[in-house]
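The block underneath contains the structure these notes are about, expressed in structure tokens.
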Amino acid sequence: MAIFIPEDKILEIKNAADIVDLVSEVVQLKKAGKNFVGLCPFHAEKTPSFTVSPEKQIFYCFGCGAGGNIFSFLMKTEGLAFPEAARSLARRYGIDIPNRRLTPEQKQRMSERESLLEINRQAMDFFAQALRRGASGQSAMAYLSKRGLSSNIIDRFNLGYAPKGWDHLLNFFLKKGVPPARLERSGLILPKKDGRGYYDRFRDRIIFPIIDVNQAVIGFGGRVMDDTLPKYLNSPETPVYNKSRSLYGLHLSKDKCRQVQTVHIVEGYLDLLTLHQNGIENAVATLGTALTADHVRMLSRYVPRMILVYDSDEAGIRSALRCIDIFWKEHVDFSRGDVFREEKADTHILVLPDGHDPDSYLREKGPGAFEKAASHAPGIISFLIEQSIGMHGLSTEGKIRIVTDLKHPLSAINDNVARSLYIKQLSERIGLEEKIILEKVREDSAETKKRNIGHKKNYTDRMGSRLEQQIIAMMLQFPDILPEIKRNNVIEFIENPHLQFIGKTILQHQFSSVEQISGLLSRIDNPEQQRLISALAMAEESWDESGCMKLIAQFVKQGQKRRDRQILDRIKAAEKENDQETLNSLLKEKQKLAVQSQRQHRA
Ligand SMILES: [Zn+2]
């Protein structure tokens with residue numbers, strides 16, 4: 001793991017490798033203009049939206065948003081971490097990488113991310129050993145076997161035990177010379193209230209290491225063995241752990257998922273382990289959070305069909321409505337060049353009968369019954385129809401309520417064919433004319449359109465405005481303009497933090513041609529940012545000097561206006577508060593900005 005790959009070797013690999021060659025081994029590519037296209041290896045599709053640019057040495061899928069360079073492609077297709085991907089490419093192109101361990105000096109230079117992953121890896125080993133040692137380890141092991149888990153599953157998922165006491169893990173790392181501050185960033189220890197020292201976050205709990213598809217240990221879940229609360233405790237969000245983007249067990253289920261084209265999604269660690277133990281290995285668990293759009297996007301790289309498993313009707317309904325919301329969000333229609341496009345997943349809801357959870361159901365009825373129930377699980381809309389009928393009955397009153405329940409989910413489906421089929425289904429099921437249902441759905445669509453405007457704003461906050469995206473696309477595709485970008489302090493006016501970071505990185509690294517996009521990608525390890533870069537670099541636009549200058553002027557003017565408005569607001573607030581000191585400094589700032597913008601206008 002802790003192997004250092006020198007920068008010049010990475011450059012050498014990049015110069016030797018060709019993305020079209022590499023991708024061709026997995027995807028059948030066809031020439032299309034300057035680029036090559038093929039069927040995306042990361043999501044199921046029938047028409048090619050996976051695009052490879054030999055000029056930029058990057059790939060981008062307009063279907064699922066996967067994107068990156070040679071290294072990311074290998075990491076994604078073979079489930080490798082960056083150093084392994086680099087090694088594998090080096091081997092392929094006969095480039096020699098010295099195989100040396102890190103010196104203490106290099107260790108310091110190791111990026112924070114890698115050092116956190118290394119800490120997690122060592123903590124996982126610590127917990128695993130604690131489970132196999134001493135009296136308390138034995139009682140933890142006894143608890144797991146009482147829950148019916150085999151030693152094979154315990155090993156496969158690297159389960160562990162966090163010993164009773166306040167500082168076992170802390171001392172383990174202190175002895176290795178790991179600074180407490182770094183350990184704190186991993187979320188494994190917490191500072192004491194009085195500020196004197198630290199203590200272990202996980203104490204006397206079964207530990208479930210959370211491992212991503214690149215085999216990196218990104219966080220932990222801990223469960224008590226009695227009735228203590230909280231029953232479950234997870235690592236906090238860290239630079240390597242984001243729970244809305246992590247799925248428990250995906251690293252051990254992805255191959256099976258690809259093979260059978262279906263995934264079961266459950267809510268708990270133990271449910272997931274029971275499924276795997278019963279041979280149902282195409283299963284993952286969400287980590288103390290409802291299914292998110294990011295989860296769906298991740299899973300749709302492996303499977304077209306998802307089955308969400310719940311232990312109660314209410315949980316099932318909540319989730320079904322949420323899924324519609326997720327898909328609807330992803331469906332917001334944007335013009336060409338925007339980052340996400342429509343994503344469809346065939347999603348089903350399975351509510352286990354009689355309050356069973358997957359664990360108790362499998363124990364009582366066995367895997368055959370589970371798989372049969374799963375294969376009959378209704379789609380989201382059919383599920384909602386049946387639930388609504390169950391709730392309101394088929395009296396006239398009941399039918400009115402059912403249509404009211406269903407009008408929003410139905411209007412949210414923006415595939416016309418699918419929507420009319422579901423309306424037909426509802427009409428037949430409850431014996432009400434299609435025309436009447438359609439009318440209700442149209443009413444709701446009109447309301448939805450109004451809401452859509454608010455929605456677009458949220459989406460914009462996350463991905464940056466269209467204009468911000470265009471600025472970055474221009475910087476990537478027409479680097480001649482970079483001196484102008486610098487001179488006008490354009491980056492300062494970018495509000496979206498991802499885009500701002502990308503802009504800064506481009507300027508810092510003296511980026512000067514589109515051939516360097518792939519190099520830029522190796523410098524950025526945030527997947528969201530990688531995807532943005534690939535998307536914006538690939539968007540078809542033609543740039544010329546005067547068009548670029550216009551765009552910059554428009555953007556800067558807008559940014560200055562916004563900044564002036566913000567300062568005025570603050571000045572008004574200071575006046576109201578009679579805060580003379582703040583007022584003076586704000587007035588000075590206002591003057592300085594006025595001079596600055598005048599100078600820019602003149603230049
Ligand atoms: Zn794709």
**Prompt:** Residue check: is residue 352 away from the ligand (no atom under 16 Å from the Cβ) and modelled with pLDDT of 75 or more?
**Reply:** yes
**Prompt:** With 187, 219 as the choices, which residue is free of Cβ contacts under 8 Å to residues at least 60 places away in the same chain and open to solvent by less than 50 Å² (accessible area, probe 1.4 Å)?
**Reply:** 187
**Prompt:** So which of 552, 481, 491 is modelled with pLDDT of 90 or more, part of a helix (DSSP H, G or I), closer than 30 Å to residue 73 by Cβ and over 30 Å from the mean Cα position of the chain (by Cα)?
**Reply:** 481
**Prompt:** Does any residue of segment 146-153 turn out to be within 29 Å of residue 363 (Cα to Cα), small (Gly, Ala, Ser) and assigned to a helix (DSSP H, G or I)?
**Reply:** yes
**Message:** Could you check segment 548-563 and list, in sequence order, the residues that are surrounded by fewer than 17 Cβ atoms within 10 Å (Cβ to Cβ) and touching a Phe, Trp or Tyr at 6+ places or on another chain (Cβ under 9 Å)?
**Reply:** 558, 562, 563
**Request:** Filter segment 13-28 for residues that are without any contact (Cβ under 8 Å) to a residue 60 or more places away in the chain, away from the ligand (no atom under 15 Å from the Cβ) and β-branched (Val, Ile, Thr) and give the result.
**Result:** 20
**Prompt:** Just one of 294, 271, 227 is free of Cβ contacts under 8 Å to residues at least 40 places away in the same chain and acidic (Asp, Glu); which is it?
**Reply:** 227
**Prompt:** Applying the selection to segment 32-48, what residues are small (Gly, Ala, Ser) and over 18 Å from residue 65 (Cβ atoms)?
**Reply:** 32, 33
**Request:** Scan segment 7-24 and give yes if some residue there is under 17 Å from residue 258 (Cβ atoms), open to solvent by less than 10 Å² (accessible area, probe 1.4 Å) and more than 19 Å from the chain's Cα centre (by Cα), otherwise no.
**Result:** no
**Prompt:** Mind checking whether some residue in segment 124-142 is among the basic types (Lys, Arg) and modelled with pLDDT of 85 or more?
**Reply:** yes
**Asked** Looking only at residues in segment 55-66 that are of a type outside the set (A, V, I, L, M, F, W, C) and closer than 17 Å to residue 17 by Cα, which one is most open to solvent (accessible area, probe 1.4 Å)?
**Response** 55
**Fill in**
Among the residues of segment 3-50, the number that are of a type in the set (A, V, I, L, M), in contact with a strand residue (DSSP E or B) (Cβ under 7 Å, 6 or more places away or on another chain) and farther than 20 Å from residue 519 by Cα is 4
**Message:** Given the options 10, 5, name the one that is in contact with a Pro (Cβ under 8 Å, 6 or more places away or on another chain), closer than 20 Å to residue 526 by Cα and away from the ligand (no atom under 16 Å from the Cβ).
**Reply:** 5
**Item:** Selected residue (criterion: surrounded by the most Cβ atoms within 10 Å (Cβ to Cβ)) from residues of segment 367-410 that are among the hydroxyl-bearing types (Ser, Thr, Tyr) and within 26 Å of residue 356 (Cβ to Cβ)
**Value:** 388
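The values are calculated or read from the model by the stated rules, or taken from the named source; none is laboratory data. Just so it is clear, the model here is predicted, and its values are computed rather than measured. All Cβ positions, even for glycine, are placed from backbone atoms using ideal geometry, and neighbour counts span all protein chains on display. Ligands, DNA and RNA are stripped out before the accessible areas are found, and what is left, the full protein with its side chains, is counted by its heavy atoms. Shrake-Rupley method; radii C 1.70, N 1.55, O 1.52, S 1.80 Å.
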